[in-house]
Every structure is written in structure tokens, then in C-alpha cells.
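First comes the structure, then the notes that go with it.
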Amino acid sequence: MEIIQPSPESAADQVRALGALARAATNSTAAPQMAFLAAAQTRIFRTELDLDAVDSIEAAVLAGHELDSKEARQLIRFMVVMCIADGPPSAQQMQLLESYADALGVDEPAVGVIAHLAKGRELLFKLSFARRSHVRIYFRNTRRLLGGVLPTVKAILRFDGVLGEDREMANRFRALAALPGETLGNQFFHHCRNAELPFSGEQGGFPLGALYHDFTHVLAGYDTTPEGEIKASAFQAGFTQDPNDFFTALFGLIIHTTGINLTPFPIPVEPGRLGQGDLASDMLHALERGAQMKVDLSGDWDFWEDLELPIDRVREKLGVVPMEASV
């Protein structure tokens, strides 16, 4: 997912449009909206506007900047984040968002998907979201790594607790504990055990094709708290080369700041979490870090080849920039 630096000529008006969406929220200009607006101004738009006094902008005026298609799409995506920063979007937010998308000529699927939330159609929202989410990639990768549909079905049934353990597979992951502490494999082992995550092959363990998400946590340095999941999802969206890459970032946000659980597990949700501390800025930083990756971990990356290498060497190989580095 490419991150585009807006031109100075349009940046201020893009911030004005985001500000208009913040004010249109049910809890107008509450902490989550203002935190995201401030983070976007600092990390993406590089403007210095007084966000409490910024005025709105008409869709036609914004379209007058004639943004290229990638920059316009990026702006609409940031608008989607603004709309879900503190729970489901309001009807007024959706009206504004759709007018901006129409004026800019952007056909972003996420706009239609979150519109279901604005109308209280949660089931339709979940079905529409699932069609575009990274779960598709999990299934595709598992089929590739296991060599067919039947092993994939078995892995899913094992994840659901229907099938018993695949001892051979589980033992491959348990053996990672014997690797030197600085290796990717050893750190992955302890990440899973500390987070009480079953290994692939164990009952309840994620299928192989989904493991790049947990490797993301290990490589990028994000924990498994709700805040860490938001940042890991953003990082993952950054390196994902898929037309629906944005839905990966939305996954963490929908659960942990919009307040709707998209997983099969019981998870405590807290609407508006994006407004806490520096989380909004950290999320955008994670997105930027992910976008700088040399390799799409959700593609053909074979993690087995890197497990015995020192984790710092793997980070260098894949292009994981240090946490403190900024764009």
C-alpha cells in the first residue's frame, strides 16, 4: 500500500475535508476524531493548521485540485478512517464522504461497506467486509503451503477445534524453542507461547497461510494488545500488494476503535480507542513502516527459510525499518 505525500497546494484543503468529517460525527470533534486529524496533519499532510478553527470545504472545491487517482484514493481512505474513529459513521458523515468520493471520481469499496454500518445493517457489513478482507489471502496461502484444498480444509477444521492435532506440524514449531535466542524462529516461538497462541498443527492454531500476521508482530515489534493489533494491522496493510490492502488496516480499527468484533473469538471492544495517547500517530507510522518493506509477507514469502537466521538479518532482508525511524 503506497503512501503518497500530498502536494503543498492541496494538503491544507485535504485537511479541511477531514475536519468536516470530524465535525459530522455523532460525537462531533471528540478525542478520536481530533487525534486522527492531528496525526494525519503531522505525519501525512505536513501542514500546521489550527485544527480547532479549520473551516469546511465543498466537494467541488476539493475536486478543483485535480488530484491524481492514487492521491485521491488515499484521501478517501483516510476519510473512511475518520468516519469509523469513534463507532459507526453517522448519516451526515456518509453523505459528506460519498459527495467527496463522487467529486474526486474515486470508487473505493470501503465507502460502500461502512455505509452498511451507518444504516445499522451489521450483518450485511460483516458479509461485505469478509469478501474483501485479508482472510481471502489466508486461505490462498494455506492452500499453496499445504498443497491443496483438502489439507486446507483440515487446517481450518483444526483451527475450529473439530480435528485433533497434526503432531508432525506442531512439533516443527515446538522445535523452534531450541534455536538460538536471537533467531526469528526462537522469537516467534516465544511470541506465540507468551500470547497463548496455539501453533499451526495444534488444536486452535492458525493455518499456515495466516502466520505472516504473527510474524508481522515479531518482525515489526508490535505486541498483541488492542493497540498493538491496530498497529500490526496497519503495518500489514502497508506491505500488502493487493487491491483490497486497505481492508487489512480497517480490520484492526473496526474491532478496536469502531467496536465491532470481526473475529470468531470473544474480544473486549472499546469504541474510540484511537483517541487514546499517541495511538493515531503510531498507527500511521506503522502504515508508513509497512509501506517501506521490500517484500510482501502475504505473497510468496517462505518463512521456513528465515527461521534459523538472526532476526535483525531477516529484518534487513525484508526491509523492516527500525521502530524509531520516520519517513
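The values are calculated or read from the model by the stated rules, or taken from the named source; none is laboratory data. Computed from a prediction, not measured in an experiment: that's the story for all the values here. Glycine gets a Cβ as well: all are built from the backbone with ideal geometry, and neighbour counts include every protein chain shown. Just so you know, the surface numbers come from the protein's heavy atoms only, side chains and all, with ligands and any DNA or RNA stripped out. Shrake-Rupley method; radii C 1.70, N 1.55, O 1.52, S 1.80 Å.
Some values worked out for this structure:
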read-out: Relative contact order, percent, the range 175-327 [alpha-carbon distance under 8 Å, six or more residues apart]; value: 25 percent
read-out: Relative packing of 237-250, 166-179, which averages over residues the other C-beta atoms within 10 Å, highest first; value: 237-250, 166-179
read-out: Cα-based shape type of the range 25-125, given that a ≥ b ≥ c are square roots of the gyration tensor eigenvalues and the cut on a/c is 1.5; value: oblate
read-out: Mean Cα-pair separation over length for the chain, i.e. relative contact order, pairs under 8 Å, 6 or more apart, %; value: 20 percent
read-out: Positive minus negative residues near S7 (Lys, Arg vs Asp, Glu; Cβ under 13 Å); value: -3
read-out: Value at 222 nm in deg cm²/dmol, rounded to 500, when DSSP H runs of n ≥ 4 in the chain each add -39,500 (n - 2.57); value: -16500 deg cm²/dmol
read-out: Inter-label distance for D278 and V153, nm, one decimal - labels placed 7 Å from Cα along Cα-to-Cβ; value: 5.0 nm
read-out: Accessible surface of the range 1-115 [probe 1.4 Å, protein heavy atoms]: carbon and sulfur percent; value: 48 percent
read-out: Nitroxide proxy distance, nm - points 7 Å out along Cα→Cβ at Q5 and K294; value: 2.3 nm
read-out: The chain: angle of helix 226-239 to the longest principal axis, Cα-based, in degrees nearest 10; value: 90 degrees
read-out: P(r) of the range 260-313 over all Cα-Cα pairs, binned every 10 Å from zero, in whole percent; value: 17, 27, 34, 22, 0
read-out: Spin-label model distance (nm) - L124 vs E48, 7 Å beyond Cα toward Cβ; value: 4.7 nm
read-out: Extension gain from E66 to K317, taking 0.36 nm per residue of separation minus the Cα-Cα distance; value: 86.5 nm
read-out: Surface accessible to a 1.4 Å probe, per residue, for the residues of the chain, Å²; value: 44 Å²
read-out: Amide H contacts under 5 Å for G87, placed H, 5+ residues apart; value: T258, G272
read-out: Compactness index (Cα Rg / 2.2 N^0.38 Å), the range 148-299; value: 1.08
read-out: Fraction in percent of alpha-carbon pairs per bin - 10 Å, the range 227-267; value: 34, 51, 15
read-out: For the range 29-94 and the range 146-187, distance of Cα centres in Å; value: 42 Å
read-out: Shape call, the range 103-158: gyration tensor on alpha carbons, a/c limit 1.5; value: oblate
read-out: Kirkwood Rh in Å, taken over the chain so that all alpha-carbon pairs contribute; value: 20.6 Å
read-out: Karplus (6.51, -1.76, 1.60) ³J(HN,Hα), θ = phi - 60°, over the range 89-97, in Hz, Gly and Pro reported as x; value: x, 7, 4, 5, 4, 5, 4, 5, 4
read-out: Among I114, I156, I76, residue whose mean-square fluctuation peaks in a GNM of the chain (springs only between Cα atoms under 10 Å); value: I156
read-out: Kirkwood Rh in Å, taken over the range 239-287 so that all alpha-carbon pairs contribute; value: 11.7 Å
read-out: Protection proxy ranking, peptides 118-126, 219-227, average beta carbon neighbours within 10 Å, highest first; value: 219-227, 118-126
read-out: Shape category assigned to the range 10-54 from the gyration tensor of Cα positions, a/c cut at 1.5; value: prolate
read-out: Area projected by the alpha carbon convex hull of the range 180-247, averaged over all directions, nm²; value: 5.1 nm²
read-out: Degrees, to the nearest 10: 149-159 long Cα axis against longest axis of the chain; value: 80 degrees
read-out: Peptides 9-18, 38-47, 191-200 ordered by average Cβ neighbours within 10 Å, highest first; value: 9-18, 38-47, 191-200
read-out: Extension gain (nm, one decimal) between D160 and E182, 0.36 nm per residue minus Cα-Cα; value: 4.7 nm
read-out: Relative contact order (%) - criterion: Cα under 8 Å, at least six apart; region: the range 1-62; value: 47 percent
read-out: Amide H contacts under 5 Å for G299, placed H, 5+ residues apart; value: none
